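The structure under discussion appears below in the form of structure tokens.
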Amino acid sequence: MMRLQETVKSFFRGISIRKKLKPLIVFLATVISIPLLIVAVQSQQPVTVKVLIQALEAAQLEPIVKDFEAENPDINLEIVEAPNDTNKVEDLYTSAFLLGESPYDLVYMDIVWTPKFAAAGWLKDLSDRVSQEELDQFLDGDVNGGMYDGGLYRMPFRSDAGMLYYRSDWLKDAGYEPPETFSELMKISQALQEEGYTDWGYVWQGKQYEGLSAMFVEILEGFDAFWVNPETLEVGLDQPNAIEAVKFLRSTIEENVSPPGVTTYSEEPTRRLFQNGETAFLRNWPYVYGLASESDIAGKFAIKPMPHAPKGSNGACQGGWGMGIAKNTDHPEEAWRVVKYFSQAKTQKKYALQTGYVPSRRELFNDSELVEKYSYLPELLNVIENAVLRPPIAQYSQASDILQRYLSAAIAGTMEPEKAMNAAARETRTLLKRSQS
Amino acid sequence: MKLNSIRQREQLTGWLLSLPALIIFILVFAYPIGRAFWLSLFTENLGTQLEPIFTGLENYARMFGDGRFWNSLGNTAIFTFFSLLLELLFGIIIALVLDQQFRARGIVRTIGILPWALPTAVMGLAWEWIFNDQYGVVNDILRGLGIIDSGITWLGDPTRAMFALILADVWKTTPFIAVILLAGLQAIPQDLYEARSIDGATPIQNFFTITLPLIAPQMIIALLFRFAQAFGIFELVTVMTGGGPAGSTETVSLYIYDTVMRYLDFGYGAALIVITFLILIIAVAIAGFILSKTDVNVTGEQ
């Protein structure tokens, strides 16, 4: 009986001691378990960060994604595959954002989408996260293309710029220096055509599509003209210099330097003409270099910045892709780690080695390993440093569609250059004015 | 007095019974249309940070100076006119054939309706390949017949691309018109033909004096349906030409899609929708007017 009482007593005493210790125990337990819990949660359930990328590039990015996930086991980077037509990808992002809750945490975007997405308020401003010193390591055009209204909305990943390809073997043979001006380009072309080197002198992209606007930006720069001033929203398409630029393009066809079909060519048809030795000069993007180096004309061609008129300067149209963070993502920190990973030199170098795409960090253009594989990179840096942006305005796609329609009519000869450019300027002004009100 | 109150009560019951339908009608049709009209009075686009700003009829004024809108309206009109004309022509012929007594008529009728049952996007893709300049069936046949030497770029030329679109649309929707006309044909009493034959009329005379006038109401209904569809054609054009080359096959609905989805110009897009809607309403009103003038009663009511 006594023993029972003792037991009961000690039992209750134990409880009372525990009662006194309770706050301490709870405190200790909490302190110890927090990091344990975090580790446990992290290792069990990595945060999923989603991004939509066209299928072709999604496949190319696979090794990068694997590396990233190996280094960041707490993040699961999921690439949703989109159609390869970039317009469609833009539409898919647009509808996702219009519906409010976007399923994508990251936005992989073309340089011309950035102002629109930023103006619509779909992207996070990244300027607080990146220092100026960090940004200075990227090409200016790539950084500026990611800016809108003073904020940074896109970190550069890969770059792109238009340039002039020429047949160095023919030029050397016939005793010509590569052309610096448009008139030299025409003169050399006609001479080479007359001497029977080639059927055509110069091919460019004249089809009615985004590539036409990109190509025209370079010609405008060459004639010291402009399309839209992003600061003042002034439209320069109907100024004499711009009309002269259109007349130059049309003259290439009229003087038989460019084939009449050039008004229906996008990048690929022009590349094939160049590779088949049917033209001496070609305006195109860097991707042609790698492909042409594996063709019959390997070693017989070179690149240089676009020529210009005496009053203008050589322009290269800035292209390229980068990453931004969706405004309403639940995982901004994780998304930022992905963006940082993609923009760092190591990743860009690996991707460039693997695919031949052009990096957006200056240092990589003189990287020994990259230069060994792509000998044109130091040259390309000269071209790409001159890169000009298509107007970084929110209504860019609308403005570009207006220009494409009239420019296409002007170079195809269905409209007089003055008339076409006046109409294009008028419609662009209406567009920008309406949007201003 | 008593009779009157009974009538009033009946009317009240009638209204109550149709109330759910009326509410649904207002929610589903009247509200969106009213909302689109309201939105069309505002400027709401990227320039205004997607905030609506009241600008009255400015969107409509802008439409007058918008070459692309008129161009797309013209394309839509050409497409609608030619596809309706051809569909009606072929529809009558097919309906007349299917109306005859012959073996396996049921199977033939089923096969005849198949094109109409196919999803437009799927058959648009098929037609895109049929008209492909390198591998297309059309070019292959023409080459085989010795009509052409090298492939014609069907979808790369403004006129030919429009022709290809019209042909694909005619192929798909002629059966629809044929089925409606067939129903009309079967409602024509045979004794009319017998009486006329006794008078010595030829089948061709019969066709123009009996058949055609008696199926006129069905023709108008079929054309009305088809007009509304053809005027809003979207998938077929998107799949086959995307509105190209150089905007020569861009229809109004494609332009509206671009304005809203790509340019995020919601106010102007709404104004475009309102105008398209008004054009359709006018067409329906004209068709309704003609229907009410025709002697033959379609609905069966007195």
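The values are calculated or read from the model by the stated rules, or taken from the named source; none is laboratory data. Here the structure is a predicted model, which is why all the values come from computation and not from measurement. Every residue, glycine among them, receives a Cβ derived from its backbone with ideal geometry; neighbour counts consider all protein chains shown.
See the values below:
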{"quantity": "Subset of segment B:65-93 (residues that are free of Cβ contacts under 8 Å to residues at least 40 places away in the same chain and away from chain A (no Cβ under 11 Å))", "calculated": "B:Trp70, B:Gly74, B:Ala77, B:Phe81, B:Leu85, B:Leu89, B:Ile93"}
{"quantity": "Top-ranked residue of segment B:45-59 - restricted to ones that are in contact (Cβ under 8 Å) with a residue 40 or more places away in the chain and either out of contact with any strand residue (DSSP E or B) (no Cβ under 9 Å at 6 or more places or on another chain) or not in a loop (DSSP other than H, G, I, E, B) (or both), ranked as farthest from the other protein chains (Cβ to nearest Cβ)", "calculated": "B:Asn59"}
{"quantity": "Residue match in segment B:189-197 (condition: within 30 Å of B:Ala246 (Cα to Cα), assigned to a helix (DSSP H, G or I) and hydroxyl-bearing (Ser, Thr, Tyr))", "calculated": "no"}
{"quantity": "Filtered residue count, segment B:22-44, keeping only those that are within 14 Å of chain A (Cβ to nearest Cβ) and either under 26 Å from the mean Cα position of the chain (by Cα) or surrounded by fewer than 16 Cβ atoms within 10 Å (Cβ to Cβ) (or both)", "calculated": "1"}
{"quantity": "Residue ID - farthest from A:Ala298 (Cα to Cα), chosen from residues in segment A:170-208 that are among the β-branched types (Val, Ile, Thr) and outside any helix (DSSP H, G or I)", "calculated": "A:Thr181"}
{"quantity": "Members of segment A:71-108 found to be modelled with pLDDT under 90, surrounded by 15 or more Cβ atoms within 10 Å (Cβ to Cβ) and either basic (Lys, Arg) or closer than 14 Å to A:Glu57 by Cα (or both), listed by number", "calculated": "A:Thr86"}
{"quantity": "Qualifying residue in segment A:293-315 (condition: in contact with a Lys or Arg (Cβ under 9 Å, 6 or more places away or on another chain) and among the polar types (S, T, N, Q))", "calculated": "yes"}
{"quantity": "Residue list for segment B:226-258, restricted to those being assigned to a helix (DSSP H, G or I) and within 14 Å of chain A (Cβ to nearest Cβ)", "calculated": "B:Thr238, B:Val239, B:Leu254, B:Tyr255, B:Ile256, B:Tyr257, B:Asp258"}
{"quantity": "Residue ranges of helices (runs of 4 or more DSSP H) in segment B:94-162 with at least 3 members within 19 Å of B:Phe79 (Cα to Cα), within 27 Å of the chain's Cα centre (by Cα) and touching a residue at least 40 places away in the same chain (Cβ under 8 Å)", "calculated": "B:120-130"}
{"quantity": "Failed condition for A:Ile297, given (1) closer than 25 Å to A:Met415 by Cα; (2) aliphatic (A, V, I, L, M); (3) surrounded by fewer than 22 Cβ atoms within 10 Å (Cβ to Cβ)", "calculated": "(1)"}
{"quantity": "Criterion: within 14 Å of another protein chain (Cβ to nearest Cβ), under 30 Å from A:Glu81 (Cβ atoms), small (Gly, Ala, Ser) and in contact with a Ser or Thr (Cβ under 6 Å, 6 or more places away or on another chain) - qualifying residue of A:Gly151, A:Gly146, A:Gly100", "calculated": "A:Gly151"}
{"quantity": "Considering residues of segment A:113-137 that are part of a helix (DSSP H, G or I) and without any contact (Cβ under 8 Å) to a residue 24 or more places away in the chain only, the residue nearest to the chain's Cα centre (by Cα)", "calculated": "A:Leu135"}
{"quantity": "Which listed residue, of A:Ile243, A:Ile253, is farther than 20 Å from A:Ala387 by Cβ, modelled with pLDDT under 95 and of a type in the set (A, V, I, L, M)", "calculated": "A:Ile253"}
{"quantity": "Count of residues meeting criterion [surrounded by fewer than 20 Cβ atoms within 10 Å (Cβ to Cβ) and in a helix (DSSP H, G or I)] in segment A:228-243", "calculated": "2"}
{"quantity": "Output for segment A:382-392, where each listed residue is touching a helix residue (DSSP H, G or I) at 6+ places or on another chain (Cβ under 6 Å) and either within 14 Å of another protein chain (Cβ to nearest Cβ) or part of a loop (DSSP other than H, G, I, E, B) (or both)", "calculated": "A:Leu389, A:Arg390, A:Pro392"}
{"quantity": "Within segment B:129-151, tally of residues that are within 23 Å of B:Ala246 (Cβ to Cβ) and more than 14 Å from chain A (Cβ to nearest Cβ)", "calculated": "8"}
{"quantity": "Filtered residues of segment A:258-285 (kept if under 14 Å from A:Leu164 (Cα atoms) and modelled with pLDDT under 90)", "calculated": "A:Glu267"}
{"quantity": "Qualifying positions in segment B:28-58 - within 26 Å of B:Ala230 (Cα to Cα) and either at pLDDT below 90 or not polar (S, T, N, Q) (or both)", "calculated": "B:Val28, B:Phe29, B:Ala30, B:Tyr31, B:Pro32, B:Ile33, B:Gly34, B:Arg35, B:Ala36, B:Phe37, B:Leu39"}
{"quantity": "Index of the failed condition, A:Ser360 passing every other in (1) in contact with a Ser or Thr (Cβ under 8 Å, 6 or more places away or on another chain); (2) outside the structural domain of A:Lys304 (by TED's automatic domain parsing); (3) without any contact (Cβ under 8 Å) to a residue 60 or more places away in the chain", "calculated": "(3)"}
{"quantity": "Residue in segment B:259-282 that is without any contact (Cβ under 8 Å) to a residue 60 or more places away in the chain, surrounded by 18 or more Cβ atoms within 10 Å (Cβ to Cβ), more than 14 Å from chain A (Cβ to nearest Cβ) and closer than 29 Å to A:Gln404 by Cα present", "calculated": "yes"}
{"quantity": "Residue that is nearest to the other protein chains (Cβ to nearest Cβ) [pool: residues in segment A:416-434 that are over 23 Å from B:Glu44 (Cα atoms) and crowded, with 20+ Cβ neighbours inside 10 Å]", "calculated": "A:Ala423"}
{"quantity": "Search result, residues across segment A:139-181 that are in contact (Cβ under 8 Å) with a residue 60 or more places away in the chain and farther than 30 Å from A:Lys311 by Cβ", "calculated": "A:Gly146, A:Tyr148, A:Tyr153, A:Arg154, A:Met155, A:Pro156, A:Phe157, A:Arg158, A:Asp169"}
{"quantity": "Filter result (touching a helix residue (DSSP H, G or I) at 6+ places or on another chain (Cβ under 7 Å), in a helix (DSSP H, G or I) and within 11 Å of chain B (Cβ to nearest Cβ)) within segment A:395-404", "calculated": "A:Tyr396, A:Ser397, A:Gln398, A:Ala399, A:Ser400, A:Ile402, A:Gln404"}
{"quantity": "In segment A:211-257, the residues that are small (Gly, Ala, Ser) and either closer than 23 Å to A:Asp160 by Cβ or assigned by TED's automatic domain parsing to the domain that holds A:Gly145 (or both)", "calculated": "A:Gly211, A:Ser213, A:Ala214, A:Gly222, A:Ala225, A:Ala245"}
{"quantity": "Any chance A:Val130 is more than 25 Å from A:Ala214 (Cβ to Cβ) and surrounded by 15 or more Cβ atoms within 10 Å (Cβ to Cβ)", "calculated": "yes"}
